[in-house]
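Coordinate-derived values only; no laboratory data. Keep in mind the model is a prediction, meaning the values are calculated, not measured. Cβ placement follows ideal geometry from the backbone for every residue including glycine, while neighbour counts extend to all protein chains displayed.
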Amino acid sequence: MDDLLTYLAQDSGFRARVERLRLVQEPGAACGGPADAVRIFAPLLRGYDHERMAVAALTLSGRLIAAEVLTVGTHGFTIVDAPQILRWVLTRSQPAASFLLAHNHPSGEIEPSRLDRAVTDRIYAAAKIVGVPLVDHLILTDEHYTSFVDRGFLVQACGEEVYATPGIAFTPVRRHVGHLDGAGYRASGPHLSSG
């Protein structure tokens with residue numbers, strides 16, 4: 001056992017993974033916009049050479065219940081299964097009022113693909129049916145991120161304002177690509193709007 005611990009302590013990749021896990025936000029962390037969401041998802045998605053998809057469940061007041069990587073794929077894609085995502089959201093020990101999706105693009109390409117948008121549309125529609133809305137979908141690279149709400153993709157896809165949670169809502173800031181310290185959502189009322 002001591003040999004294993006010594007080996008792991010010398011393995012810089014293992015140390016980096018442990019460090020990333022320590023950086024994950026604690027439950028109860030506020031999530032008021034993309035910058036907060038990036039702080040939640042970055043330790044789970046940045047620094048990998050393969051795509052990963054993660055989900056975060058939020059309370060009615062927009063606080064983090066839990067965040068977890070649900071799928072791990074290859075350099076160019078990962079499997080995203082709406083029933084798997086909704087099952088995860090609906091089975092938290094604390095009821096989720098809404099949720100966020102995020103995945104990484106190891107290639108560094110920040111633009112959502114047509115497939116990214118189509119999958120998000122399907123998940124948004126399914127989430128609406130079960131009454132736990134998808135608040136946003138973020139794509140992270142090692143340096144930048146983009147938000148589907150900021151880009152207007154959820155609004156365009158659904159032909160309506162994006163419903164967040166009763167009493168909590170966010171107005172997307174008109175910005176195409178965000179940086180880690182970029183501005184995010186602003187509290188505004190019961191619905192997301194295009195600004």
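Can you tell me which of 142-149, 74-81, 53-60, 104-111 comes out highest on packing, and rank the rest after it, using the mean Cβ neighbours within 10 Å?
Working: 142-149: 21.4, 74-81: 14.0, 53-60: 23.2, 104-111: 15.9.
So the peptides 142-149, 74-81, 53-60, 104-111, ranked by packing, come out 53-60, 142-149, 104-111, 74-81.
Within a 10 angstrom radius of the beta carbon, how do Leu115, Leu70, Leu154, Leu140 rank from fewest other beta carbons to most?
Numbers: Leu115 10, Leu70 18, Leu154 27, Leu140 24.
Least to most surrounded, the residues fall as Leu115, Leu70, Leu140, Leu154.
So for the pair Asp81, Asp49, with labels modelled 7 Å out along Cα→Cβ, what separation do we get in nm?
According to this spin-label approximation, the distance is 2.7 nm.
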